[in-house]
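Enquirer: Here it is, the structure, as structure tokens.
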Amino acid sequence: MYDFIEGRLAELDPISATVQTGGFGYLLHISLNTFTALQPFLGSEKMCKLYLHQVVREDAELFYGFSGKEERSLFRLLITVSGVGAGTARMILSSLSAEELRKAIAEGNAGVLKNVKGIGLKTAQRIIVDLKDKIGMAGAGGDQFLPAAGSSKEEASSALVNLGFTKVSVEKALDRILASRPSATVEELIKEALKAGI
């Protein structure tokens, strides 16, 4: 099992990052929160460090990267819940901050979880039942992320389409958001679109 990777950030988009180290480029699937945390490393020679979770399937070997151990711990807890796979767990961590997720589970607020794409009421309730005793509010606010820079409608649109939404519904949702918040960052656009259920 791999614990972390440290290297130069070669490529970055809202759903993946490529970290170059030892002559190899490692493609990591990331959440929107990790995307934001990695922004300062793009185009820099500074080394970034991501905590890893490895998924080995019959047809693929995937790596998920996290800017902090807390986010990885939440991811690992989420995928223990029946019906929640790695993709769904990443979607949850892209839609909610670690603090929002802990709060929703601790308070039994299924409505917050149900707003995430791919999460129905039964799955939201299962997450709460399975994880309520495992997730405390300790460490709340521990994940501090820098605001995204150089955001654009195109980048948000590309990320949402890659997450499984149709191009037409994505464009409509982003246009609605930009009409009321023209200066929204790429992270804000994606979060608002996910919360709206696109």
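Enquirer: Identify, from the list ALA89, ALA60, the residue that is surrounded by fewer than 20 Cβ atoms within 10 Å (Cβ to Cβ), at negative phi and of a type in the set (Gly, Ala, Ser).
Expert: Numbers: ALA89 fails: surrounded by fewer than 20 Cβ atoms within 10 Å (Cβ to Cβ).
Only one candidate qualifies: ALA60.
Enquirer: State all residues of the stretch 12-60 that are in a strand (DSSP E or B) and of a type in the set (Ser, Thr, Tyr); if no residue qualifies, say none.
Expert: SER16, THR18, THR21, TYR26, TYR51
Enquirer: In this structure, does ALA106 turn out to be at pLDDT below 95, surrounded by fewer than 17 Cβ atoms within 10 Å (Cβ to Cβ) and under 19 Å from ASP133 (Cα atoms)?
Expert: On the way: at pLDDT below 95: yes; surrounded by fewer than 17 Cβ atoms within 10 Å (Cβ to Cβ): yes; under 19 Å from ASP133 (Cα atoms): yes.
So ALA106 passes the test.
Enquirer: Within the stretch 117-127, which residues are at pLDDT 90 or above and either under 18 Å from PHE75 (Cα atoms) or touching a helix residue (DSSP H, G or I) at 6+ places or on another chain (Cβ under 8 Å) (or both)? If you could, list the steps in order and put the result at the bottom.
Expert: Of all residues in the stretch 117-127, those at pLDDT 90 or above come to 119-127.
Across the stretch 117-127, the qualifying residues are ILE119, GLY120, LEU121, THR123, ALA124, GLN125, ARG126, ILE127.
Enquirer: Follow-up question, since we're still on this one. Any idea which residue in the stretch 128-142 is modelled with the highest pLDDT, counting only those that are loosely packed, with under 14 Cβ neighbours inside 10 Å, in contact with a helix residue (DSSP H, G or I) (Cβ under 9 Å, 6 or more places away or on another chain) and within 17 Å of THR80 (Cβ to Cβ)?
Expert: That would be LYS132.
The values are calculated or read from the model by the stated rules, or taken from the named source; none is laboratory data. Note that the coordinates shown come from a computational prediction; the quantities given were computed from them, not determined experimentally. Virtual Cβ from ideal backbone geometry, glycine too; neighbours counted across all protein chains shown.
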